[in-house]
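The values are calculated or read from the model by the stated rules, or taken from the named source; none is laboratory data. Note that the structure is predicted; figures quoted are calculated from it, not measured. Don't worry about glycine lacking a Cβ; one is built from the backbone with ideal geometry, like all the others, and counts go over all protein chains shown. All accessible areas refer to the heavy atoms of the entire protein, side chains included, with ligands and DNA or RNA removed. Shrake-Rupley method; radii C 1.70, N 1.55, O 1.52, S 1.80 Å.
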Amino acid sequence: MCLVDTTITRTQITVLWSAPTGFSADVLRSIDGGPYQDLGAVTASGNQITYVDNTVSSSHVYNYSLNASG
């Protein structure tokens, strides 16, 4: 899996990773360099994982990661 694209607006961040269809992972997010929080499980469809975060603010810095288990 690898990061393919990120789209950012004032109120939304969309992150796109390539991953084999059926691949499952947890999305993690860090705000302003703090500890990563688990945002929930996602599963790849069409060889990609798309995560849309609608809980962002333009006054913070966000980092995202995938945690694959198993």
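Observations on the structure shown:
- Some residue of segment 21-34 being among the charged types (D, E, K, R), touching a strand residue (DSSP E or B) at 6+ places or on another chain (Cβ under 9 Å) and open to solvent by 60 Å² or more (accessible area, probe 1.4 Å): yes
- Residue satisfying all of: in segment 20-43; touching a residue at least 40 places away in the same chain (Cβ under 8 Å) and small (G, A, S); farthest from N63 (Cα to Cα) among these: S24
- Flag if A44 is open to solvent by less than 30 Å² (accessible area, probe 1.4 Å) and closer than 12 Å to M1 by Cα: yes
- The conditions of being within 10 Å of the chain's Cα centre (by Cα), among the charged types (D, E, K, R), surrounded by 11 or more Cβ atoms within 10 Å (Cβ to Cβ) and part of a strand (DSSP E or B) are not met by D5.
- Test: residue in segment 9-18 that is of a type in the set (K, R) and surrounded by fewer than 15 Cβ atoms within 10 Å (Cβ to Cβ): yes
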